[in-house]
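Have a look at the structure below, then the notes.
The values are calculated or read from the model by the stated rules, or taken from the named source; none is laboratory data. For clarity, every value in this text was computed on a predicted model and none was experimentally measured. In this analysis, Cβ positions are derived from the backbone assuming ideal geometry, glycine residues included, and neighbour counts consider all displayed protein chains.
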Amino acid sequence: MTAPGDEDQDALAAEWEAAMGGGEGGGDGDSQDDLAAEWENAMAGGETASAGPMGAAQGRESTRVLDQNEIDSLLGFDDEEDVSGIDRTGIQAILNSAMVSYERLPMLEVVFDRLVRLMSTSLRNFTSDNVEVSLDSIASTRFGDYLNSIPLPAMLSVFKAEEWDNHGLVTVDSSLIYSIVDVLLGGRRGTAAMRIEGRPYTTIERSLVERMVHVMLEDLSAAFEPLSPVTFRFDRLETNPRFATITQPANAAIVVKLRIDMEDRGGRFELLMPYATLEPVRELLLQQFMGEKFGRDSIWETHLGEELWVTDVDLVAVLDEQLMRLSEVMNLKLGSQIMFNAKPDTPVDLRCGDVSLYTGKMGRKGDRMAVRISERHIEELKD
């Protein structure tokens with residue numbers, strides 16, 4: 001048996017142990033929870049502090065406004081690229097890629113190089129001045145885009161290709177107009193032509209420019225002469241692009257830009273020809289050089305000729321032909337008779353397909369019908 005004092009001491013010790021154990025466990029748990037909460041708050045605060053400057057910078061960046069040059073560069077509408085002829089980029093390049101990609105026409109470069117030489121000589125004789133003509137570029141564009149890009153004021157001359165039964169367009173810019181007028185009317189050399197903007201062109205100016213266009217069209221005909229003879233005829237002279245429409249706005253065309261320099265004077269001369277105008281000579285323009293041929297295969301030609309001589313053909317002897325209505329043909333029955341105009345001595349036509357080869361007379365040889373050839377319609381074959 002245990003004394004009551006011992007039981008009280010044991011119970012008290014148990015309570016102290018329980019109290020001490022519970023206190024230590026609870027203290028550790030609370031301290032760990034508090035420490036974890038402090039770490040979370042510290043990390044969250046650090047991230048917030050670190051994200052704060054970046055977020056502010058991004059906010060300032062997103063509110064930045066692009067200037068006009070950056071917008072033009074993004075869209076691809078850069079004036080410097082247009083002048084230098086560099087391919088466009090950005091959205092404009094995507095829009096241009098939707099244009100029909102036509103095949104290159106190598107012979108056009110040869111033709112227009114020849115045009116440059118001819119025009120240099122002709123304009124020197126026309127102006128009695130030192131004239132230099134240079135080829136700037138040959139490019140493809142939509143007709144509607146070209147009309148919208150013409151710098152006004154300008155004169156637009158419509159011409160017709162007689163043999164090709166289609167039209168083209170010549171654009172003379174304002175600088176060249178005043179330069180030609182100044183030269184032809186006796187302006188002194190070494191002085192730039194005076195430009196008077198804001199007024200319509202006079203009758204004299206239109207007449208002088210028309211004469212220059214006639215000279216250019218004659219040279220253009222001569223440039224195409226070795227390739228395909230064609231006559232370019234002057235049609236009309238316009239100052240409003242809307243009145244110079246020669247094809248649908250979406251149709252593709254070739255634009256040739258020429259530069260004409262007369263000492264301190266000059267300007268730009270542009271020639272536009274729709275692809276539909278060049279279609280009759282497209283095969284010739286695809287050549288790499290003038291008179292291009294891909295050679296002859298004599299072995300193949302000999303073999304083909306030998307096989308042709310042993311080819312089977314149908315030779316038909318036509319005694320007579322008669323024209324009948326369809327109703328009469330449909331009413332024919334078994335036993336119906338068709339009266340021909342042929343007689344026993346009527347010549348018989350021997351045909352191969354639709355080609356009449358011989359004429360002969362009908363007869364009999366043995367138990368078969370025969371034809372004696374009396375006339376030959378084809379020429380004698382030469383070895």
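Table for the structure above
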item	result
Selection count where residues are small (Gly, Ala, Ser) and modelled with pLDDT under 90, scope the stretch 193-235	3
Residues satisfying the stated conditions in the stretch 231-255, i.e. under 20 Å from Glu163 (Cβ atoms) and buried (at least 18 other Cβ atoms within 10 Å of the Cβ)	Phe232, Ile246, Thr247, Ala253, Ile254
Residue in the stretch 330-346 that is within 54 Å of the chain's Cα centre (by Cα) and aliphatic (A, V, I, L, M) present	no
Filtered residue count, the stretch 318-335, keeping only those that are part of a loop (DSSP other than H, G, I, E, B) and among the aliphatic types (A, V, I, L, M)	5
Selected residue (only one of Val170, Val110 is under 23 Å from the mean Cα position of the chain (by Cα), outside any helix (DSSP H, G or I) and among the β-branched types (Val, Ile, Thr))	Val170
Filtered residues of the stretch 125-156 (kept if part of a strand (DSSP E or B) and either surrounded by fewer than 16 Cβ atoms within 10 Å (Cβ to Cβ) or not small (Gly, Ala, Ser) (or both))	Glu132, Val133, Ser134, Leu135, Asp136, Ser137, Ile138, Ala139, Thr141, Arg142, Met155, Leu156
Residue under evaluation Met273, criteria (1) part of a loop (DSSP other than H, G, I, E, B); (2) out of contact with any helix residue (DSSP H, G or I) (no Cβ under 6 Å at 6 or more places or on another chain), criterion not met	(1)
Residues being of a type in the set (Val, Ile, Thr), modelled with pLDDT of 85 or more and out of contact with any helix residue (DSSP H, G or I) (no Cβ under 8 Å at 6 or more places or on another chain) - total across the stretch 99-130	3
Residues located in the stretch 336-359, provided they are assigned to a strand (DSSP E or B), in contact with a strand residue (DSSP E or B) (Cβ under 8 Å, 6 or more places away or on another chain) and either without any contact (Cβ under 8 Å) to a residue 40 or more places away in the chain or not assigned by TED's automatic domain parsing to the domain that holds Met324 (or both)	Pro347, Val348, Asp349, Leu350, Arg351, Cys352, Ser356, Tyr358, Thr359
Output for the stretch 216-231, where each listed residue is closer than 15 Å to Leu156 by Cα and in contact (Cβ under 8 Å) with a residue 60 or more places away in the chain	Met216
Residue within the stretch 299-317 that is assigned to a strand (DSSP E or B), in contact (Cβ under 8 Å) with a residue 60 or more places away in the chain and surrounded by 13 or more Cβ atoms within 10 Å (Cβ to Cβ) present	no
